[in-house]
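Read the structure below first, then the notes.
Values quoted throughout were computed directly from the atomic coordinates according to the rules given, and no laboratory measurement underlies them. It should be emphasised that the depicted structure is a prediction, and the values quoted were computed from it without experimental measurement. Cβ coordinates were reconstructed from backbone atoms using ideal geometry, including for glycine residues, and neighbour counts include every protein chain displayed.
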Amino acid sequence: MIDWKRIDTVLLDMDGTLLDLNFDNHFWKEFVPLRFAEKHGISIALAKQQLEPRFKSMEGKLEWYCLDYWSEVLQLNIAGLKVEIAELIAVLPHVTEFLEKIHQSPKKVLLVTNAHRDSLALKMEKTCLQPFFDDIISSHDLGMPKEHADFWLYLQHRQPYEKSTTLLIDDSPAVLNSARQFGIEHLISVSRPDTKLPKKEVTDYPAIEDFRELMSGL
């Protein structure tokens with residue numbers, strides 16, 4: 001799937017790529033509505049009905065990923081709530097093996113995530129993956145989410161890379177589309193970002209179910 005001799009820089013998404021998206025899906029779809037319902041004395045069904053359009057309206061915007069924004073809007077301590085269910089944070093199968101192997105190579109490996117710094121810190125504390133990366137960049141550092149093509153330009157200013165020798169692995173079609181629009185040549189999707197859900201049908205990009213598929217030739 002990848003000719004590793006042609007790759008100098010590897011950009012890795014976090015949630016749904018390296019980490020099981022089950023944590024985030026459960027948090028936003030079940031746990032936040034539960035706490036919102038408790039706060040307002042309403043049913044969980046009504047809480048979900050009120051929250052879903054608010055969440056939907058922010059998809060693809062930096063605010064969607066901003067814990068401070070949601071804490072203020074919902075009047076809930078979102079970072080604190082994440083800590084409460086942190087035992088659900090999990091590394092996807094065979095990710096650590098892949099990271100160990102690529103860490104031994106001369107390639108530059110960057111974690112590039114839309115996650116807010118508070119969420120990022122919690123997840124690095126729980127997974128201990130931080131040492132595998134040459135740098136960890138949050139879209140909040142650059143002021144623009146990865147869904148915008150300009151994000152990749154801002155990233156290039158912080159960590160220079162050549163588009164033709166860079167690989168991005170990400171589970172989000174919108175992010176992969178923006179990277180392709182910018183000109184990043186090597187793009188791979190993840191077909192099983194949430195281990196509690198069925199494999200996704202991915203048609204626009206080469207896709208892996210787990211990282212063993214990329215370890216040949218590395």
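So the values come out like this:
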| item | result |
| --- | --- |
| Per-pair calculated FRET efficiency, R0 = 41 Å: residue 141 and residue 204 via Cβ, rounded to 0.05 | 0.90 |
| Using alpha-carbon coordinates, inclination of helix 173-182 to the longest axis of the chain, degrees | 40 |
| Label-point separation in nm, residue 68 to residue 88, each point 7 Å along Cα→Cβ | 2.6 |
| Nearest-ten-degree value, helix 44-58 long axis tilted from longest Cα axis of the chain | 40 |
| Value at 222 nm in deg cm²/dmol, rounded to 500, when DSSP H runs of n ≥ 4 in the chain each add -39,500 (n - 2.57) | -11000 deg cm²/dmol |
| Out-of-range pairs (alpha-carbon distance over 22 Å; input 29/56; 61/82; 61/107; 29/196) | 61/107 |
| Virtual spin-label span in nm between residue 26 and residue 52, 7 Å along Cα→Cβ | 2.1 |
| Point-charge dipole on Cβ atoms (K/R +1, D/E -1) for the chain, about Cα centre, debye to 20 | 120 |
| Angle between the chain longest axis and helix 117-127 axis [Cα atoms, degrees, rounded to 10] | 70 |
